[in-house]
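Below is one structure; the comments refer to it alone.
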Amino acid sequence: MRTVEDHRAALLALVAPLAPVTVATAQAGGLVSAAPVVARLDLPGFDNSAMDGYAVHAADLHGPLPVRLPVIADIPAGDPRALHVPRGSAARIMTGAPLPAEADAVVPVEDTDAGVSVVEIRARVAPGRHVRRRGEDVRAGEPVVATGTVLTPGALALVAAANVTSVRAHPRPRVALFSTGDELIPLGDEPAPGQIVDSNQLMLAELVRAAGAELAHAGHLPDDAEAVRALLADPPGAPDLVLTSGGVSMGAHDTVKEVLTATGTVEFVKVAMRPGMPQGAGTLGPRGIPVVTLPGNPVSSLVSFQVFVVPLLRRLAGRAGEPMLFEARAGARWSSVGGKVEYTRVEVSGGVAVPSAGQGSHMLGALAGANALAIVPASVTQVHPGDRVLCMPLLGAEAPR
Ligand code: AMP
Ligand code: MG
């Protein structure tokens, strides 16, 4: 049996970061930059006021307070006029409005009587006070986003402020999903005897999106070798990754395994984990599209996605390393299988992890409440209250706290 780490390494070896593309800044949220972003503008672009108040000459406030100054202009943000403030006068100015020539400081409105034609000023300011200088934040021509940076909302704000309209980035990985099994019916149909709703397809589609990837295709395959062979030889939607669920156990109708074993480019292995022991991965067709065959049991499928597919999608997207794990304290006693890593669905709250009810790999009943997987090592067969347990947050769940 293969360890989880070895299997993950085998999967990661199947993929490389997707070739960078040019993406409109407005579409680049969540992508990873593949080249430095260079500012096209100084930030701020001009000297401007940091406060609502009065633009003044600091030197005019040296005498006894209060000082009364005539207000010679009212300057809103966006004011295009080239104004100047002579010595002995002030201009009312709003936050972000261009500082008029000659003025060297801003007195906040709170330190004045808010006068409109004459203002009474009750506090001194040092030269430069409450003034944002042109280029003090960013200089035009400077790289502002390094290669390999996740374009977070904050990073995008910077790119947009610097008036950069497109970036080089690794594209979002495109994933084609196939549920397999003759027993599956679409959500909403009435199940005939022996049939069940295809819940993996929705779950996996949601996981794909939560992992920052996009769906290239989502479909269903019957347990029919010819149909499976035909579709997987040339999967629709030009995907960067194909995921199947089901058909990879030891049964007589495990078509995915049967068909893909025959291709010689997909390997089926047992991984020392529970749930999720049967795993398969490799490449498909002449284009060598990476494929991961997830187990059919919903919980196995979910766990396998978290443990194997997420790192793979991260690598395709140009992200570094593994997702963060966190530590919690066990809030209950539970037993775990020896010789395999067990991923126990837990509810973590206040740093305490308690297993959700019903841990069978087919059991969906407790999935709604779980927000993490506790990773119980192969050497551990009993978790005791108070034990430290390493946990993996469940994708899309409210962050455990
Ligand atoms: P299999 O590996 O195809 O034998 O599937 C294992 C178990 O998972 C069986 O009980 C299947 O009915 C169930 N299963 C397979 N695919 C799905 C799916 N897409 N949605 C829900 N359950 C599934
Ligand atoms: Mg099946």
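Some notes on this structure:
- Qualifying positions in the stretch 1-47 - assigned to a helix (DSSP H, G or I) and among the small types (Gly, Ala, Ser): Ala9, Ala10, Ala26
- Hits in the stretch 342-358 (condition: surrounded by 13 or more Cβ atoms within 10 Å (Cβ to Cβ), without any contact (Cβ under 8 Å) to a residue 60 or more places away in the chain and on the phi < 0 side of the Ramachandran plot): Thr344, Arg345, Val346, Glu347, Val348, Ser349, Val352, Ala353, Val354, Pro355, Ser356
- For the stretch 69-85, the criterion of being surrounded by 18 or more Cβ atoms within 10 Å (Cβ to Cβ) and in contact with a helix residue (DSSP H, G or I) (Cβ under 7 Å, 6 or more places away or on another chain) is satisfied by at least one residue.
- Take the conditions (1) touching a Leu at 6+ places or on another chain (Cβ under 9 Å); (2) over 13 Å from Leu302 (Cα atoms); Leu395 misses just one of them, which is (2).
- Among the candidates Arg168, Arg134, Arg172, the residue that is at negative phi, part of a strand (DSSP E or B), open to solvent by 30 Å² or more (accessible area, probe 1.4 Å) and among the charged types (D, E, K, R) is uniquely Arg168.
- Note on the stretch 348-391: residues that are more than 16 Å from Gln306 (Cα to Cα) and in a strand (DSSP E or B) amount to 10.
- For the stretch 116-128, filtered to residues that are surrounded by fewer than 17 Cβ atoms within 10 Å (Cβ to Cβ) and of a type outside the set (A, V, I, L, M, F, W, C), the residue that is farthest from Pro86 (Cα to Cα) is Arg122.
- Meets criteria (within 16 Å of ligand 1 (Cβ to nearest atom), acidic (Asp, Glu) and either touching a Ser or Thr at 6+ places or on another chain (Cβ under 7 Å) or closer than 16 Å to Ser49 by Cβ (or both)) for Asp189: no
- Within the stretch 164-202, if we keep just the residues that are of a type in the set (Lys, Arg) and within 23 Å of Leu284 (Cα to Cα), the residue that is nearest to ligand 2 (Cβ to nearest atom) turns out to be Arg174.
Every residue, every condition in (1) in contact (Cβ under 8 Å) with a residue 40 or more places away in the chain; (2) more than 16 Å from ligand 2 (Cβ to nearest atom), yes or no:
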| site | (1), (2) |
| --- | --- |
| Val291 | yes, yes |
| Gly296 | yes, no |
| Pro323 | yes, yes |
| Lys340 | yes, yes |
| Ala372 | yes, yes |
| Gly386 | yes, yes |
| Ala397 | no, yes |
| Pro400 | yes, yes |
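The values are calculated or read from the model by the stated rules, or taken from the named source; none is laboratory data. Here the structure is a predicted model, which is why all the values come from computation and not from measurement. Reconstructed Cβ throughout: ideal geometry from the backbone, glycine too, with neighbour counts over all protein chains shown. To get the accessible areas, we keep the full protein, side chains included, count just its heavy atoms, and leave off ligands, DNA and RNA. Shrake-Rupley method; radii C 1.70, N 1.55, O 1.52, S 1.80 Å.
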